[in-house]
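Step one of this worksheet: look at the structure below.
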Amino acid sequence: MMRRRTRPAECLLACLLIAAAPSLAIAEKADRDKPINFSAEQPAEVDFEKRIGTLRGNVVITQGTLTIRADRIDFKQNADNSLSATAYGNPVSFRQKKDDSDEYFEGYAQRAVYDGQKQLLELFDRALLKQASDEIRSNYVSYNSGTNIFKAEGRPDTPGTEGPGSKVRGVFQPRAESPLGGKGAAKGEPAAPAKDGKDGAGRDAKAAAPLQLTPAPALPAK
């Protein structure tokens, strides 16, 4: 099967956006120690000896804070008890809690591939990756919760579907130390909240904590 050659413009666009984007926090580490629960509305094909299965019809798989919802999911339990799955839906939804935080990151796409051992989530076709009010959209987004790095590539829409096309789009909200968010803190110190517990933009001070930048290496041409 022939692989599509990535155009230099697409690589440049993806790298520029990644370098400017805040990283997502590490996924909940304790999830792989939890049991894998699954449900589906249609007859399932499950091999309990090999710990693999195919589920169809309003499928839901959970493991700790991780939840995947789709029309169909092919899944397996890895040797380290982590979950790996390929999901198809309109759309697939993926949600997982960040480590040492009450916040979640979420992913949506027509197809999702998750490798629990590598902590890698790949979203294909009309992909959306969200963290609070920040988001990134394209026809391909990957996120590694072990390295806190996500990448996005502009890819043509799949024939017969309407999506973002060969574009990457994103929205990143102002940081707490931004001039729009009030007076910034001294270097190396966190921004101090106002007396009413709100930051200068009227948001809850705890939720408006600054995010750390994590630049990603350039994408190699394929």
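Values quoted throughout were computed directly from the atomic coordinates according to the rules given, and no laboratory measurement underlies them. Because the structure is a prediction, the values reported are computed rather than measured. Don't worry about glycine lacking a Cβ; one is built from the backbone with ideal geometry, like all the others, and counts go over all protein chains shown.
For the reader, a short list of remarks on this structure follows.
- Neighbourhood charge, 11 Å Cβ-Cβ cut-off, centred on Val171 and excluding it, Lys, Arg +1 and Asp, Glu -1: +1
- Only Cα sites of the range 41-80 enter the Debye sum here, all with the same form factor; the resulting log10 I(q)/I(0) across q = 0.28 1/Å is -1.04, listed in q order.
- Checked against a 29 Å cut-off, the cross-linked pairs Lys97/Lys151; Lys76/Lys130; Lys50/Lys151 give Cα-Cα distances beyond that limit for Lys50/Lys151.
- Taking the square roots of 5 times each eigenvalue of the Cα gyration tensor of the range 28-165, largest first, gives ellipsoid semi-axes of 23, 19, 12 Å.
- ³J(HN,Hα) computed for each position of the range 55-69 - Karplus, 6.51 cos²θ - 1.76 cosθ + 1.60, integer Hz, glycine/proline x: 10, 9, x, 6, 7, 9, 10, 10, 8, x, 8, 7, 9, 10, 10
- Taking only the Cα atoms of the range 69-113, the ratio Rg/Rh comes out at 1.03, with Rh defined as the Kirkwood radius.
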